[in-house]
Amino acid sequence: MSTEIRLAFAHPSERARATAPGGPLDRISLRDHVVEVEIGAFQAERGTTQRLSFNVVVEVEPLTGPIDDDVDRILSYDKVTEAIEHELKAERLNLLETLAERIAERILLEPQAVRAFVRIEKLDRGPGALGVEIVRARDQLAHGQLIPPEDDRPHPRLVYLSNAAIASENLSGWLDQLGAGDRPPVLCVGAPVTPAPQSHHRMTQRRIDLLAIEQNAWVLAARDPRCVVVETRTELDWAMRHGQISVWAPSKIVLDAVDGPSAQPGDAVALAAWFAATFAAGEMLVIGATLPEGAGVPLRALSVEQTTL
């Protein structure tokens, strides 16, 4: 077997040694770390869990001076397992490639980390292990690609608009005020007045009802060009950082949530409150609808007739 083929199937630690850059680097590794999680792009992979095996090697800058047996001077193994746990809890993912990329980027936030080798394998999809392996270097990642610390992420001002509010002549004025505020605005809506089709199947109906909300999101966006419909966390993070007025299309985030909302799509205000808490919104305004109970963010109700937010 050629060296290239052998290294392709070897543990990431061997690949790290074989492709080491000029200077000496230390390495820490995590081997055969198995976690059971819901992941996958196929419909058969939804609603069920499967085992993933993680093998990770992190190359780190050698320490200068004595270690003094001080754990704060080294890159702890816990940082690797915490990176895996954080990304698995953040949202349900379809692709191992996405998960590996996010884990590598989070590890490379650590100042000691130079390169990260991440191998992830599905253990229950066939007679063997199916997986991906990536290598990422700190100096190859643009600063904007790195995952911002949680405290640096913007805390949006979320506004729920009833159907009457969407149709109100005050809409443009509200958007003017939101655009001039110090918090990035995110708009949420409920389903349109027209009833959605009924399937009499719980999971199917949930999707239909979420899609009905998304149809209404597009109705709102059509009323003012400043409103942009977004459906992913990446889109929302970018929009909030660039002052865009976003309209939430809920299907992907709701269906991919590890700890999904207890609120059903039919209770759109409560669903919006769950979303507001998920993104640590600074405030949630509810225009033309009743405030939900037990929300995890500050709430304020406004009537459709009010012109000042």
Worksheet item: Could you count how many residues in region 274-294 are within 21 Å of the chain's Cα centre (by Cα) and without any contact (Cβ under 8 Å) to a residue 40 or more places away in the chain?
Response: 3
Worksheet entry | Residues of region 259-303 satisfying the condition of being in a loop (DSSP other than H, G, I, E, B), touching a strand residue (DSSP E or B) at 6+ places or on another chain (Cβ under 8 Å) and farther than 16 Å from residue 216 by Cβ | 279, 281, 282, 290, 291, 292, 295, 297, 298, 303
Practice prompt. Could you list all residues from region 225-264 that are within 19 Å of residue 89 (Cα to Cα), without any contact (Cβ under 8 Å) to a residue 24 or more places away in the chain and in contact with a helix residue (DSSP H, G or I) (Cβ under 7 Å, 6 or more places away or on another chain)?
Written response: 231, 232, 260, 261
Fill in: Condition broken by residue 79, with the remaining ones in (1) in contact with a Ser or Thr (Cβ under 9 Å, 6 or more places away or on another chain); (2) surrounded by 15 or more Cβ atoms within 10 Å (Cβ to Cβ); (3) at pLDDT below 90 satisfied
(1)
Discussion item. Looking at 108, 95, 99, 88, can you tell me which residue is hydrophobic (A, V, I, L, M, F, W, C) and surrounded by fewer than 16 Cβ atoms within 10 Å (Cβ to Cβ)?
Written reply: 95
Item to complete: Determine if region 252-265 includes at least one residue that is surrounded by fewer than 17 Cβ atoms within 10 Å (Cβ to Cβ), among the polar types (S, T, N, Q) and modelled with pLDDT under 90.
Response: yes
Worksheet, complete the sentence: Filtering region 222-255 down to residues that are in a helix (DSSP H, G or I) and aliphatic (A, V, I, L, M) yields 222, 236, 239, 240, 253, 254, 255
Worksheet item: Can you list the strands (runs of 3 or more DSSP E) found entirely within region 90-203 that contain at least 1 residues being at pLDDT 95 or above?
Response: 113-122, 157-161, 185-189
Practice prompt. Might you let me know whether region 206-216 holds any residue that is closer than 12 Å to residue 186 by Cβ and hydrophobic (A, V, I, L, M, F, W, C)?
Written response: no
Discussion item. Suppose we filter 241, 207 for residues that are in the same structural domain as residue 181 (by TED's automatic domain parsing), farther than 26 Å from residue 168 by Cβ, modelled with pLDDT of 90 or more and of a type in the set (D, E, K, R); which single one remains?
Written reply: 207
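The values are calculated or read from the model by the stated rules, or taken from the named source; none is laboratory data. Values in this document were obtained by computation on a predicted structure and should not be read as measured data. Note that each Cβ is placed from the backbone with ideal geometry, even for glycine, and that neighbours are counted across all protein chains shown.
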